[in-house]
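Computed from the coordinates by the stated procedures, all read-outs in this text should not be read as laboratory data. Just so you know, these numbers come straight off a predicted model, no measurement behind them. We place every Cβ from the backbone using ideal geometry, glycine too, and count neighbours over all the protein chains shown.
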Amino acid sequence: METVDLLVENANELVTLKGPNRPRRKDEMNHLSIIKNGCIAVKDGGIVDVGKNLKYKAKKIIDASNKTVLPGFVDPHTHLVFAGSREFELDMKLKGYSYMDILKRGGGIFYTVDKTRKAAMDELVSQSSLRLDRMLRYGTTSCEAKSGYGLDVESEIKILKVQEKLNKFHPVDIVSTFLGAHAIPKKISADKYVDMVIDEMMPQVKDLAVFCDVFCEEGVFTVEQSKKILEAGKKHDLMPKIHADEIVDTGGAGLAAEVGAISADHLLMSNTKGLKKMANNGVIGVMLPGTPFSLMMKNYADARKMIDIGVPVALATDLNPNCYVESMQFMIQMGCFNMHMTPAEAICAATLNAACAIGMNDKVGSLEKGKQADMTIMDCPNHLHIPYHFGVNLVETVIKKGKIV
Ligand code: NIG
Ligand code: FE
């Protein structure tokens, strides 16, 4: 009998998401390929077998009776690296100030930029590492992380280098995105700043990031400026991503399709035409329900409409000082309760589709032979409990590359 490093057995539900290794759409999202009393065998950090009653000698056995085993969550949109916090903005939000009101008064992103520019690399590493620890405890084993609180050449590079460092020592895998175009710094015109992002920042960050993102929004970057940035990014092999239609519909969803973005994120206000273009071009819609929640808004992205149109959708935390959350379980809960996704759709959105949104689906996002052994053992009998039993952390054990972390 072959010996493996780890055998997880008797999982009441082993949620594999086995199937085509691409973003799932429409009813495909409801098919999680669950194995009752499932087993999974791990060797050298990878999955070697998945099924029922697997017969292996194992160096370690975990009995997952009455438990649910899932792929580790993938969080495809975070602003992981920042200094300071903005809890005082809660009071302003309660008084009715909007996100843009706070930003225009020099708060919001600008407050965090000031703190982040002043912070040393080591400080940023240690603060961000604590956030990664929390992610891991809540079942997230891979994430995307954006720069964007630097807004000058030196500070943007610093943030991306912090991410590079974190990726080397922390168990959570990080994919980096360059978001120099996160806001227009004071004392410089938008067009001048766009040129600086393209001419000065991009050539220096191109090897530190995989994606290029832009905050396309009324009062921030226009569709034209965003297009210019994303097209320039492509020339440096930075794949486009976009913060689109979060507060106002500026046509960001359509732009995402036009530039061939891997994902368009937020999409609260997107028009149907833009969403249809996304569906046709295979752009993943990343929904960030933590943002409207933390901004005390009533509306959420129209997940039902997106899924019906055929947009492959994913869920993410948007972890940032305005929306301070590391839990993908909470996103699944909001996906169901506030956006009327089925539990299966929300789980698919937080695993396989999320992995696709950051180009990691060759390694993670499902529990299949050949993929990385990234999984969570949840203290609940079936996957429906993940949205159903909310406000607690259901994660019992997290396994990253075959090791209990
Ligand atoms: O995705 N919208 C732009 N950026 C972030 C928020 C950043 C901040 O407020 O610090 C977002 O919501
Ligand atoms: Fe964001």
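Here's the picture: charge each Lys and Arg Cβ at +1 and each Asp and Glu Cβ at -1 in the chain, and of Pro292, Ile262, Thr376 the one pushed furthest to the positive end of that dipole is Thr376. From most to least packed by mean Cβ count within 10 Å, the peptides 136-146, 371-381 give 136-146, 371-381. Of interest is the spacing of the C-alpha centroids, which for the range 144-202 and the range 367-399 amounts to 33 Å. Taking the DSSP bridge list for the chain and keeping only pairs wholly inside it, about 40 percent are antiparallel.
Sorting the segments 240-249, 348-357, 303-312 by their mean number of nearby beta carbons within 10 angstrom, highest to lowest, gives 348-357, 240-249, 303-312. Considering only alpha-carbon pairs that sit under 8 angstrom and 6 or more positions apart, the relative contact order computed for the range 74-357 is 18 percent. By how many degrees, 0 to 90 and rounded to 10, does the Cα axis of helix 109-118 deviate from the longest principal axis of the chain? On a 0 to 90 degree scale, this one is about 80. The angle between the Cα long axis of helix 223-235 and the main principal axis of the chain comes to about 60°, on a 0 to 90 degree scale. Packing here is the average count of other Cβ atoms within 10 Å per residue, and on that basis the peptides 114-126, 178-190, 327-339, highest first, run 327-339, 178-190, 114-126. Classification of the range 174-253 by its C-alpha gyration tensor yields an oblate form. The axis ratio a/c (a ≥ b ≥ c) is 1.5 or more, and b/c is at least a/b. Using just its DSSP H runs of length 4 or more, each adding -39500 (n - 2.57), the chain gives a mean residue ellipticity at 222 nm of -9500 deg cm²/dmol after division by all residues.
The angle separating the long axis of helix 153-169 from the principal Cα axis of greatest extent in the chain is about 10 degrees.
According to the calculation over all Cα-Cα pairs in the range 3-58, the P(r) per 5 Å bin from zero is 4, 20, 24, 19, 17, 10, 5, 1, 0 %. Rounded is the label for the range 74-357, because the ratio a/c of its alpha-carbon gyration tensor axes (a ≥ b ≥ c) stays below 1.5. Averaging Cα coordinates gives a centre for the range 70-141 and one for the range 321-336; these two points are 13 Å apart.
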